[in-house]
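Report on one structure; see the data block that follows.
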């Protein structure tokens, strides 16, 4: 939500500068009033447009804030054949998950399904490697099940230490 406020504030400041230029320009009164009315109509339209965009998945090729993320957790995915792959991603260090859309690729869809089945069988999560890379199709494995963490090493007491037998030749 903080991005919405920042973007709207930036748009409002730009609109105020343009209105100020329109008011102080050596034009007729009706031109100056038109500039003020245009700004007054622009501000609510800009806010509604920004708020509407919040509910839409963002194409991965226009992401700029998370560009260098090495991997993300796939919280959910939906695939529409020949249209897009919709992802709900969670990033380390971010509180809120984000919705993204990938262009349709049969290779990526197969990887996603395989990773989902493997993750479900192993009880882990689905991960995506470099989700904002431009050439996702050319990479070997983009979607994969999260590797299982190995169990802690077993503590062996001295009385349970393995016996070492020495052969006849020793």
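What follows draws every value from the coordinates through simple rules; no lab data is involved. The structure presented is a predicted model; accordingly, all values stated were derived computationally and were not measured. Quick reminder, even Gly has a Cβ in these numbers, built from the backbone with ideal geometry, and neighbours come from all protein chains shown.
Run the paramagnetic zone check for residue 80: 7 angstrom along Cα to Cβ, then residues of the range 33-68 with backbone nitrogen under 11 Å.
So the set is 57.
As a footprinting exposure proxy, order 23, 62, 17, 85 by other Cβ within 10 Å, with the fewest listed first.
Numbers: 23 14, 62 8, 17 11, 85 23.
Least to most surrounded, the residues fall as 62, 17, 23, 85.
Arranged by the count of other C-beta atoms within 10 angstrom, fewest first, what order do 129, 28 take? All intermediate terms of the calculation are to be shown ahead of the outcome.
On the way: 129 16, 28 9.
Ranked by crowding around the Cβ, least crowded first: 28, 129.
Would you please give the FRET efficiency between residue 30 and residue 10, computed as 1/(1 + (r/R0)^6) with r the Cβ-Cβ distance and R0 = 25 Å, to the nearest 0.05? All intermediate terms of the calculation are to be shown ahead of the outcome.
On the way: r = 29 Å, r/R0 = 1.17.
With R0 = 25 Å, the Cβ-Cβ based efficiency is 0.30.
Could you give the angle, 0 to 90 degrees to the nearest 10, between helix 106-122's Cα long axis and the longest principal axis of the Cα atoms of the chain?
So the inclination is approximately 50 degrees.
Roughly how tilted is helix 29-53, in degrees to the nearest 10 and between 0 and 90, from the longest Cα axis of the chain?
Helix 29-53 and the main axis of the chain meet at about 20 degrees.
Angle, helix 2-24 long axis vs. longest principal axis of the chain, Cα atoms, 0 to 90°, nearest 10?
Around 20 degrees separate the two axes.
Could you grab the relative contact order for the chain? Cα pairs under 8 Å, six or more apart, rounded to a whole percent. The partial results should precede the final answer.
Values: 193 pairs, mean separation 28.2, N = 170.
About 17 percent, as a whole number.
Need one number: % antiparallel among DSSP beta bridges in the chain, to the nearest 5.
Numbers: 20 of 22 bridges.
Given both bridge residues lie in the chain, the antiparallel proportion sits at roughly 90 percent.
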